[in-house]
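*Asks:* This is the structure I want to talk about, given as C-alpha cells.
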Amino acid sequence: MARILVVDDDPSLREVLEIACKKKKWLVYLAADSKEAWEHLNEYPIDIVLLDLKLGQESGLEVLKEIKKVYPELPVLMITAFAETQSAVEAIKLGAVDYLPKPFDLTELFFSIERILEEKRLRRENILLKNKVKGYFGRIIGQCAKMQEVFKLIERVSPTNINILITGESGTGKEIVARAIHEASPRQKAPFVPINCGGLPDTLIESELFGYKKGAFTGADRARKGLLEEAQGGTVFLDEVGELAPGVQVKLLRCLQEKTFRPLGSSEERKLDVRFIAATNQNILEMVAQGDFREDLFYRLSGVIINLPPLREREEDVVLLAEYFLQRAVKEQKKNIQGFTPEALEKIKSYNYPGNVRELENIVERAVALESTEFIQASSLIVYEYENQRKMEVEEVLAGKISLDDYLLQKEKEILLVALQRTASKSEAASLLGLNLRQLRYRLEKTGIEK
Ligand SMILES: Nc1ncnc2c1ncn2[C@@H]1O[C@H](COP(=O)(O)OP(=O)(O)OP(=O)(O)O)[C@@H](O)[C@H]1O
Ligand SMILES: [Mg+2]
C-alpha cells in the first residue's frame, strides 16, 4: 500500500486530501509543518510527499531542499497557489517531480500520484531484473562488442552439455567465464572442479584426475577419489590444458569418447557424467599443427570455442572495470575513497595492460591500499610498466620482430645514457659501469651516443 505524506499548514486542505487518499486506499500521514513532516519521514517508508510551497512561516522550498538532501530518490509533489509559478519552477529545479496549482481538481492529483507510483514500481522491477541477470554474469564486466558476443555465446552454450574451450591471454577472465557457464547450466548444483593441468608432474596429474585404488602404486596406502569422481554431475575445468603430457592426453581422450573412467589400479570402469570446460593461453591450433597436442582430443574438447579478447582491445571496458574493482576494494579494505582523479583516469586509460584484467585488478587494489586521500591519485597507480615492458620486448625478440643485436644495442645505449646523466664526468661514468675510459668511449661510439 502506498504511503503518502501531506505537508500543508491549511487544516481544511489536509482534511480534503486525507479523505481523498483514503478513498484510494492509500495510507495518509498529515503534517502541518516541517517538524511534523520529519517525524513521519523518520518513522515510515513514505512513497510520495505532497508539499505546500507556503508553510506558514516556513518556506516549502527550504523543506524540499532538506528532504532531497536526505532522501534524494523520494518523489515530492509541490502544491502551489496560482501566483507562485516562479517558485514552482524553482521547486522543479530543486528536484520536485511536479507541481499542482491550487485549487486543483482531485482527478488531476490522483493522476499525478498514480503516475509517480507506477514509475517507482517500474524502476524497482528494473533493478530486480538487472540483479537477476547479475546472478551469474555479475562478476563479468564487459560493454564492448567483443564481450557482448562472448556473453551471447555463454548464454547459448550454458544450457547444453557441449564441451567448451576458452582461449585468451593470461588474465583475460577464462576462469570466471568457465564458472559463469557452470553456474548458468543445469549442472549448477553439482560441483565445479578446477584442475590445473600445468601445475603437476604427469604421474600426479593422472592420479589426481582418475583417483586410485589402494596399492595401485608404491605409496598408495589407501584409495583416493579422483577429481573426475568429485565432479560427477558437474563441470570439470581443465585449466592450462595445453600443458597436458601426451600420455595423459590419450587417457583423457578415452574418457571423453567412452564417457567412462578407471581409477589407477582398478579394473572397474566407472560411468562419467561431467561436462568439460578447458582453457588455454597458448595457441592451441598451432600446437595441434605441430603435433604437440592431439587433434582428436582437441576436437572433443572444443565443441564451442570462446575466445576472450585482451584488455587492450577493450577500450570501453577499461574504466568500467577500474570502477568495479575500486568499489570492491574500497568495501573490502573499508576505506573512504570516492573515485579516481581525472589524471588517474587518464593514466588508467592510456596503459596497455600486458597482464590484462588481472593486472588492472592488481593495480587498482594496490592503489586503494596506498591511497591516503579521498580520491585515487595518479601517483598511487603503480604500474610495473618497466617489468612488463621488458617482458613484451623479450617476447618480440623471440618472435623475431626485433633482432637480438638491435635489442641489446638499444639496452646498452639506455644504460650508458643513465650512467652519463648520473655522473659528472666520463671517467666517473666509466667507473660506475666497471669499465675503463677507453672501453667506455668505444661503447659510446658503438651505440651512436658519440661519433
Ligand atoms: N570481465 C571481467 N570482469 C570482472 N572481473 C574480471 C573480468 N575478467 C577477469 N576478471 C578478474 O581478473 C582476474 C583474472 O581472471 P581469470 O583468473 O579468470 O583469468 P584467466 O584468463 O584464467 O588467467 P590465466 O590464464 O592467467 O589463468 C580474476 O580475478 C577475475 O575475477
Ligand atoms: Mg586461469
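Computed from the coordinates by the stated procedures, all read-outs in this text should not be read as laboratory data. Please read all numbers here as calculations on a predicted model, not as lab measurements. Note that we place each Cβ from the backbone using ideal geometry, even for glycine, and neighbour counts take in every protein chain shown.
*Asks:* Taking every eigenvalue of the Cα gyration tensor of region 211-308, multiplying by 5 and rooting it, what semi-axes result, largest first, whole Å?
*Replies:* Working from the Cα gyration tensor, I get semi-axes of 26, 15, 12 Å.
*Asks:* Take every DSSP beta bridge with both residues inside the chain and express the antiparallel ones as a percent of the total, to the nearest 5.
*Replies:* Beta bridges within the chain, antiparallel portion: roughly 15 percent.
*Asks:* Could you tell me the relative contact order of region 145-307? Use alpha-carbon pairs under 8 Å, at least six residues apart, and round to a whole percent.
*Replies:* Reported relative contact order: 32 percent.
*Asks:* Could you give the Stokes-Einstein D for region 356-443 in µm² per second, using the C-alpha Kirkwood radius, 37 °C, 0.692 mPa s?
*Replies:* In µm²/s, the coefficient rounds to 202.
*Asks:* Next question. Only residues of region 255-297 count here: report those whose backbone N is under 19 Å from the spot 7 Å along Cα→Cβ of THR203, or say none.
*Replies:* Backbone N within reach: 263-266.
*Asks:* How big is the C-alpha Rg of region 232-376 next to the rule-of-thumb value 2.2 N^0.38 Å, as a ratio?
*Replies:* Rg over 2.2 N^0.38 Å, computed on Cα atoms: 1.49.
*Asks:* In whole Å, what are the Cα extents of the chain along the three principal axes, biggest one first?
*Replies:* Dimensions of the chain along the principal axes of its Cα atoms: 95, 79, 39 Å.
*Asks:* Could you name the lysines whose alpha carbon sits less than 30 Å from that of LYS189, not counting residues in the same chain fewer than 8 places away?
*Replies:* LYS130, LYS132, LYS134, LYS146, LYS152, LYS174, LYS213, LYS225, LYS251, LYS259, LYS271, LYS331
*Asks:* Quickly rank 359-370, 392-403 as a protection proxy: mean count of other C-beta atoms within 10 Å, highest first.
*Replies:* Descending mean neighbour count gives 359-370, 392-403.
*Asks:* Straight-line reach only, C-alpha to C-alpha below 13 angstrom: list the aspartates and glutamates that LYS24 could link to, leaving out same-chain residues fewer than 8 apart.
*Replies:* GLU114
*Asks:* Next up: Where q = 0.09, 0.18 Å⁻¹, what log10 of I(q)/I(0) comes from the Debye formula for region 145-307, counting one point per Cα?
*Replies:* For region 145-307, the Cα-only Debye profile gives -0.29, -1.12.
*Asks:* In what sequence do ILE166, ILE415, ILE46 fall when counting other Cβ within 10 Å, fewest first?
*Replies:* ILE415, ILE46, ILE166
*Asks:* Let me ask something additional. Once you wrap a convex hull around the alpha carbon atoms of region 3-128, what is its projected area averaged over all directions, in nm²?
*Replies:* So the mean shadow area of the Cα hull is 7.5 nm².
*Asks:* Further question on the same structure: Between the DSSP loop rule and a limit of at most 10 other Cβ atoms within 10 Å, which GluC sites (Glu not before Pro) in region 38-68 are left?
*Replies:* The qualifying sites: there are none.
*Asks:* What relative contact order, as a whole-number percentage, does region 3-128 give when Cα pairs under 8 Å and 6 or more residues apart are counted?
*Replies:* That works out to 21 percent.
*Asks:* With a Cα-only, solvent-free Debye model of region 403-446, what are the log10 I(q)/I(0) values at q = 0.14, 0.16, 0.31 Å⁻¹?
*Replies:* Values returned for q = 0.14, 0.16, 0.31 Å⁻¹ are -0.30, -0.39, -1.11.
*Asks:* Hey, another quick one. As a check on your grasp of the helix formula, calculate [θ] at 222 nm for the chain: sum -39500 (n - 2.57) over DSSP H runs of n ≥ 4, divide by the residue count, round to the nearest 500.
*Replies:* Calculated from helices alone, the mean residue ellipticity at 222 nm is -16000 deg cm²/dmol.
*Asks:* Please compute, over every Cα-Cα pair in region 304-425, the percentage with a separation greater than 26 angstrom.
*Replies:* Percentage above 26 Å: 40.
*Asks:* By how many degrees, between 0 and 90 and to the nearest 10, does the Cα long axis of helix 174-183 differ from the longest principal axis of the chain?
*Replies:* 60 degrees
*Asks:* Are any of the pairs LYS401/LYS426; LYS426/LYS451; LYS68/LYS120; LYS349/LYS401 more than 23 Å apart by Cα-Cα distance, and if so, which?
*Replies:* Too far apart for the 23 Å limit: LYS401/LYS426; LYS349/LYS401.
*Asks:* Separate question: Multiplying the sequence separation of GLU295 and GLU118 by 0.36 nm and subtracting their Cα-Cα distance, what value in nm do you get?
*Replies:* Fully extending the segment from GLU295 to GLU118 adds 57.9 nm.
*Asks:* Continuing with this model, one more query. List the extent of the Cα atoms of region 295-355 along each of their three principal axes, largest first, rounded to whole Å.
*Replies:* 54, 26, 16
*Asks:* I need the GluC sites (Glu not before Pro) found in region 251-295, filtered to DSSP loop residues with at most 10 other beta carbons within 10 Å of theirs.
*Replies:* Answer by residue number: GLU268.
*Asks:* Compute the angle between helix 34-43 and the longest alpha-carbon principal axis of the chain, please, reported from 0 to 90 degrees and rounded to the nearest 10.
*Replies:* The angle comes out at about 50 degrees.
*Asks:* I need the chymotrypsin sites (Phe, Trp or Tyr not before Pro) found in region 19-111, filtered to DSSP loop residues with at most 15 other beta carbons within 10 Å of theirs.
*Replies:* Of the chymotrypsin sites (Phe, Trp or Tyr not before Pro), the ones in loops of region 19-111 whose Cβ has at most 15 other Cβ atoms within 10 Å are PHE104.
*Asks:* Another one. Hey, what did the chain get for relative contact order, percent, Cα under 8 Å, at least 6 apart?
*Replies:* Rounded, it is 11 percent for the chain.
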